[in-house]
1. Given a 1.4 Å probe and the protein chains all in place, what does the accessible area of B:Tyr69 round to, in Å² to the nearest 10?
2. Can you pull the accessible area of B:Cys590 for me, 1.4 Å probe, Å² to the nearest 10?
3. With a probe of 1.4 Å, find how much accessible area the protein assembly as shown has per residue, and write the answer as a whole number in Å².
4. Kindly sort B:Ile575, B:Ile613 by accessible area of their heavy atoms, largest first, with the probe set to 1.4 Å.
5. Can you compute the charge dipole magnitude of chain B about its Cα centre, using +1 on each Lys and Arg Cβ and -1 on each Asp and Glu Cβ, nothing else charged? Give it in debye, rounded to the nearest 20.
6. How crowded by other chains is A:7-20, given as the mean number of beta carbons from other chains within 10 Å of each beta carbon?
7. Tell me, what HN-Hα J-couplings in whole Hz come from the Karplus equation 6.51 cos²θ - 1.76 cosθ + 1.60 at θ = phi - 60° for each residue of the stretch B:406-411, using x for Gly and Pro?
8. What residues have an amide H closer than 5 Å to that of B:Val79, excluding those fewer than 5 places away on the same chain, when H is modeled at 1.01 Å from N in the peptide plane?
Amino acid sequence: MSKKILAVDDSASIRQMVCFTLQKEGYEVIEASDGRDALSKIGASAVNMVITDLHMPNMNGIELIQALRANPSFKFTPIVMLTTESHQDKKDMGKQAGATGWIVKPFKPEQLIAVVKRLLG
Amino acid sequence: MDAPKQVYREEAFELLSDLEDALIELEQQPGDLDTVNRIFRAMHTIKGSGAMFGFDEIATFTHTIETVYDLIREGKLSVDEDLISLTLRSCDQIKAMLSASEGEVQADDALTLEISSAFKRLIPAEPDDAAQNARCGISEGGEEDIDEKVEATFRIRFRPHRELFQNGTNPVPLLNELRSLGHARIICHLKDIPDLHEIDPEACYTSWDIILTTDKEDNAIRDVFIFVEHVSDIEITLIDDSNGIEEEEYKKIGEILFDRGDISLSDLENILGRQKKIGEMLVESGKARRSEVKSALVEQEQVRELRKKRVAASVGEGASSIRVASHKLDSLVNLVGELVTVQARLSQLSAQRNDTDLTLVSEEVERLTAELRDNAMGMRMLPIGTIFAKFKRLVRDLSTELGKEVNFTTSGEETELDKTVIDKLGDPLVHLIRNSIDHGIESPDARKAAGKPAEGTIRLTAEHSGAHVLISVSDDGAGLDTEAIRSRAIEKGLISPDAAMSEKDLFELILTPGFSTAKSISKVSGRGVGMDVVTSSIESFGGTVEIASVRGRGTTITLKLPLTLAIIDGLLVTISDEFFVIPLNAVVECIELSDEDRRHTHGRNLARVREEIVPYIPLREAFALGGGKPSIEQVVVTEVGERRIGFVVDKVVGQHQTVIKNMGKFLRHVDGVSGATIMGDGTVALILDINKITQQSEYMEASMNAAGHHA
């Protein structure tokens, strides 16, 4: 069965790119536009991985990661954050919250695939 | 224009209008940090996504502006009217660039430069650009060292902290990624696992030693661990590079353990006093764990092996390849084939005997045979480039003769194919290339008139696709003329004048015997032997021919060939005590067919497979085999071309390693059977040519329908 990945970003183009790239690799992708949307969609189905932006309206990425880690079903799910800033502090905040890995935007499709493969196997 | 790009553009336009609003707000309240942040974010997204979707110009342009707003955010620059109007101008410029990519008027490069440098002047002492494009844990491909790759061996000690799992890390993919870098041997240490009642099931107690021989740099290894750096101790040590030929003998086990700090020097000397196997003694005395010793042994072994290899290589460079007469290879493959057959017999016997010792041996033989088979088949593989070369000359000669200008390019020369396939491929390819030059590429004048460069291009490419190799010949010539094909086919009586046919079906007509649309018969092609020769020779070794063409743009003909011919994986089936093999690569699935299912379709040969109607061919009737059929039959659903066709059999036995034997002289031309194979117990099973069987039954169906009409 193909692995399911939840992609969370308020930018439609990033979502589309993530979606397009991962689907081509045979993953199933669910899209969400912010943290709150993600939590409502994730409730319905189990996912193998979450890719999330950090800056988002309603509920940002850090809060989303914290919420997921607090839920026993997602305690060990790999979470990748998309950091727009290459600044260390944002990355550290994400790590603190429980992110598994990160990708600095802008990124190329190959980089995305490499990270997903590294964490999902 | 692909979809993601389109979405990016729409989004960028949205962001820009939002940006303009924000700018005007900022003009009224120059100190409002929220608005500055909004502008920064918008610019940032435009830049970031721009780079991802290939709008590099926009990305570079916005980068400067973003830097300026970052400075404003940090309070290092202040907002004034000039800045706002400059930013508004840049918005217009970005819009122009976005439209330009849509094929509209080109954006004014000079203006881009002017605005960009105006922004740059605002930045005090430009920060390093490279630092901005920070790394993301994955180094970009293509930038790898161009120097000759040198192998080195590293010792990697990966000691995760207890909380490794807490952030969702799974160490297994990391170890697999290391494996993909080169030759890796991984030793797992379990010494820290506490007693059951003390175990925290969410904690990581394991650690690993990895001995990795790779041509990548140690940065690539560090890269693998970038996400776990903060939750584990990682130690990467270079233990051998390619320069150490002189000292062939690698360190002793004790030295390695001491080097790593697993034991102390006094431990080592103490132990060395008694002479036994050092590793054993260390374990016995409890100074080192068994897994530690094992890890050291692995390291020693790997480095020694590597050095030995290097010494061997430096002694005789020429020994890297030898020439062997091809018939010797053929007989090797034949012998392996026999061996596979005998092995199948052995497996069958051992399965009946229920003797563990025999089973053990039989399984070992099975494993070795499979390995031997792969090796022997591998030896027959040749890069297809060996035949590509000769076509260059052919193209040159032909194009001069026909007064056409042709540029010939090839790619995928390194694609490997079975020697037998390559041998049979020469003539069909010559034919295809001839066709392209003669029928495809127009004369230089005609090309110019059509707005194309006078020089035509023919591309010959080869690539792997699963168990197949795709070889295609494409030209940028006139393309196929469907009308000409249609009228020609009608003239030849191949189709009726009112036949409604899809473009694809029309293209396929040119593969039928005796078909040629060339207006005049030239010296090169159109001598009555046409594409049908190509088709039949490709099909003779299990390949297929596909045509794609756009009028005025060119034609591509693709040959889909099996990787190898001698041994295939097959699906063994039975029909009234006879065995048959269906090539496994064509099989999609197997379903049951009961009398009841049959009643539902009112006697028509159609099966329902998950809401899809699949026609099937009852092989018992096709081969006129007697015997009563079972109440529940099996349908093997296969993919023939692009369609699904089912074959009804009595029983599906299972997967079978099939050594293909040619049929004897008299039976060679029997349609529907492509060969035979000998099974473990000596019985012969026929290998079905599902393409042929499908064609035949379609033909029968058509003629029966025709007869029905006349009656």
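The values are calculated or read from the model by the stated rules, or taken from the named source; none is laboratory data. Please read these numbers as outputs of a predicted model, since none were measured by experiment. Neighbour counts are summed over all protein chains in view; Cβ atoms, including those assigned to glycine, are modelled from backbone coordinates with ideal geometry. To get the accessible areas, we keep the full protein, side chains included, count just its heavy atoms, and leave off ligands, DNA and RNA. Shrake-Rupley method; radii C 1.70, N 1.55, O 1.52, S 1.80 Å.
1. Here the accessible area works out near 0 Å².
2. Around 60 Å² of this residue is reachable by solvent.
3. Working: 43180 Å² over 832 residues.
Per-residue value: 52 Å².
4. Values: B:Ile575 0, B:Ile613 90 Å².
So the residues, ranked largest to smallest area, are B:Ile613, B:Ile575.
5. Numbers: 80 positive and 123 negative charges, 736 e Å.
Taking the Cα centre of chain B as origin, the dipole is about 3540 debye.
6. Numbers: counts 0, 0, 1, 1, 7, 7, 17, 9, 2, 9, 8, 2, 1, 4.
Counting Cβ atoms of other protein chains within 10 Å of each residue's Cβ and averaging gives 5.
7. The phi angles translate into 10, 9, 10, 10, 10, 8 Hz.
8. Residues meeting the amide H criterion: none.
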